Amino acid sequence: MPVGTVLVTGGTGYIGSFTTLALLDAGYDVVIVDSLYNSSKVALDRIELLAGRRPDFYQIDITDEKALDEVFAKHPAIDSVIHFAALKASFAPHSFSAVGESSVIPLEYYRVNVGGSIALLQSMSRNNVTNIVFSSSATVYGDATRFPNMIPIPEHCPIGPTNTYGRTKSMIEDVISDYINAQRNNLEKEGKPFQQWNGALLRYFNPCGAHPSGIMGEDPQGIPFNLLPLLGQVATGQREKLLVYGEDYPSRDGTAIRDYIHVVDLARGHLVALNYLRANQPGVKAWNLGSGRGSTVFEIIKAFSAVVGRDLKYEVVARRAGDVLDLTANPTLANTELNWKTELTMEKACEDLWRWVSNNPQGYRQEPPAE
Ligand code: NAD
Ligand code: WQD
């Protein structure tokens, strides 16, 4: 008997595929829905290779309520959802535009991210599925250095996203919170027995790294946007150099600080949050998932160069619009309430990323290396 059955939206994507693996390893059955907008079905093969089991998969759009209803009807054992499906390229490549993609096509971001989450909640409601773990982001905090004593950032730091993508995430947090609270209030008022809805709003800091086997990792369909995948391309020769966005920040070396978290730790964070919701019925709560350790861009270049074994070319350019000085988590709440903390370092993420990109420079568009 499985521990439970979980619907994972966006489950063929980067964090979704690692979370699916963690769920399967923990004895859950998994049903994935994904449009494959930014992922490939090969992720399912890699998950099966590592877990020895294959999740069910449906290629559907998260905004398609009817298709979601059909999946719930086909899998009545689903009791929880982990919701990753979203558009997430908050920054466009430097050569294309200095503003983020989400600010160029905001309606599409609101339609998919906010509209898709509402469609999902409506379908969950019709199908009596009452636990949701949501992919939020540290980006909801915006520039936390505008407040005194908010670095490292605790969950009670006021939110204030600086781009459309971040605003979709904070809106969805509100949609989920309002819905869960209304469920309780409405049913209590009517004196009806109610099933408690539960939501985990997981605010991730900077996910990175790959599976230690080197066969599963991030495989964006277009140009990568994040620092480590771009550095990976410099190391494999697919990119001439890294552009460092600003060395005039008031940090220890002038470059911006982020809290890089290994994707395997992050996936385990979803598993423990889901277990917590099912065991404790807490209603809705937000948790930071980060390590508590901040690294500068230069420190990341140094750590990744060390695992590659040579210096990687970079050029310092102007700051990127919308970037903030420091996003480092205070993960105390997740440490204490969820009994979760990171076990893998940023350096280990660099090692695993290098294994992944050197074995699979074209991502999932080629066969895994022979055993
Ligand atoms: P990803 O792009 O690899 O995964 C997202 C998945 O959603 C993809 O498989 C994509 O095909 C799917 N998808 C997109 N639009 C869809 C639609 N309309 N219908 C169905 N599926 C759709 O991204 P990821 O890095 O794995 O991120 C997963 C979640 O975590 C996202 O919600 C993202 O916003 C959030 N997040 C990511 C980061 C990060 O840096 N990677 C940080 C914080 C939060
Ligand atoms: C990290 C640092 C850059 C690229 C983004 C989203 C955020 C979340 C995680 C989804 C910054 C610097 C980067 C480059 C550089 N995603 N950098 N040269 O911006 O912290 O967060 O991903 O929720 O919402 O905004 O991550 O990897 O783009 O940048 O110097 O070519 O590296 O300026 O200081 P970011 P990132």
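Under the Karplus relation 6.51 cos²θ - 1.76 cosθ + 1.60, θ = phi - 60°, what is the ordered set of whole-Hz ³J(HN,Hα) values for the range 220-237, x standing for Gly and Pro?
x, 6, x, 7, x, 10, 8, 4, 5, x, 5, 5, x, 5, 5, 5, 8, x
How much length is gained on full extension from Val3 to Arg184, taking 0.36 nm per residue of separation minus their Cα-Cα distance?
Value of the extension gain: 62.5 nm.
Only helical DSSP H runs with n ≥ 4 go in: add -39500 (n - 2.57) per run for the chain, normalise by residue count and round the 222 nm mean residue ellipticity to 500 deg cm²/dmol.
Values: 12 runs with 136 residues, N = 371.
After summing the helix terms and dividing by the residues of the chain, the value is -11000 deg cm²/dmol.
Would you please put 144-156, 225-237, 71-83, 6-18 in order of how densely packed they are, using the mean number of other Cβ atoms within 10 angstrom per residue and starting with the highest? Could you put the intermediate results ahead of the total?
Values: 144-156: 15.8, 225-237: 19.9, 71-83: 18.2, 6-18: 27.8.
By packing density, highest mean first, the sequence is 6-18, 225-237, 71-83, 144-156.
For the range 150-301, what are the per-bin percents of Cα-Cα distances with bins 10 Å wide, up to the bin holding the maximum?
9, 28, 33, 19, 8, 3, 0
Taking the chain on its own, what percent of its Cα-Cα pair distances exceed 27 Å? The partial results should precede the final answer.
On the way: 31416 of 68635 pairs.
Distances greater than 27 Å cover 46 percent of the Cα pairs.
Hey, if you put +1 on the Cβ of every Lys and Arg and -1 on every Asp and Glu Cβ in the chain, which of Val133, Leu353, Trp287 ends up farthest toward the positive end of that dipole?
Trp287
As a test, work out the antiparallel percent of DSSP beta bridges whose residues both lie in the chain, rounded to the nearest 5. Present the calculation step by step, with values, prior to reporting the outcome.
On the way: 2 of 42 bridges.
The antiparallel proportion sits near 5 percent.
Please determine, in degrees from 0 to 90 and to the nearest 10, the orientation of helix 116-126 with respect to the longest principal axis defined by the Cα atoms of the chain, where the helix direction is its Cα long axis.
20
Do any trypsin sites (Lys or Arg not before Pro) in the range 275-371 lie in a DSSP loop with no more than 13 other beta carbon atoms within 10 Å, and if so, which? Kindly include the intermediate steps, with their values, before the conclusion.
Values: sites: Arg278, Lys285, Arg293, Lys302, Arg310, Lys313, Arg319, Arg320, Lys341, Lys348, Arg355, Arg365; in loops: Arg293, Arg310, Lys313, Arg319, Arg320, Lys341.
Taking the range 275-371 and a limit of 13 other Cβ atoms within 10 Å, the loop trypsin sites (Lys or Arg not before Pro) found are Arg310, Lys313.
Using only Cα atoms and rounding to the nearest 10 degrees, what angle (0 to 90) does helix 42-51 make with the longest principal axis of the chain?
80
For a quick check of your reading of the filter: which trypsin sites (Lys or Arg not before Pro) in the range 210-256 sit in a DSSP loop and have no more than 14 other Cβ atoms within 10 Å? Don't skip to the answer; put the middle values down first.
Working: sites: Arg239, Lys241, Arg252; in loops: Arg239, Lys241, Arg252.
For trypsin sites (Lys or Arg not before Pro) across the range 210-256 that sit outside H, G, I, E and B with at most 14 neighbouring Cβ atoms in 10 Å, the list reads Lys241, Arg252.
We did not get these values from a lab; they are worked out from the coordinates using the rules stated. Worth saying up front: this structure is predicted, and the values here are computed from it rather than measured. Because the Cβ atoms are built from the backbone with ideal geometry, glycine has one as well, and the counts that use them run over all protein chains shown.
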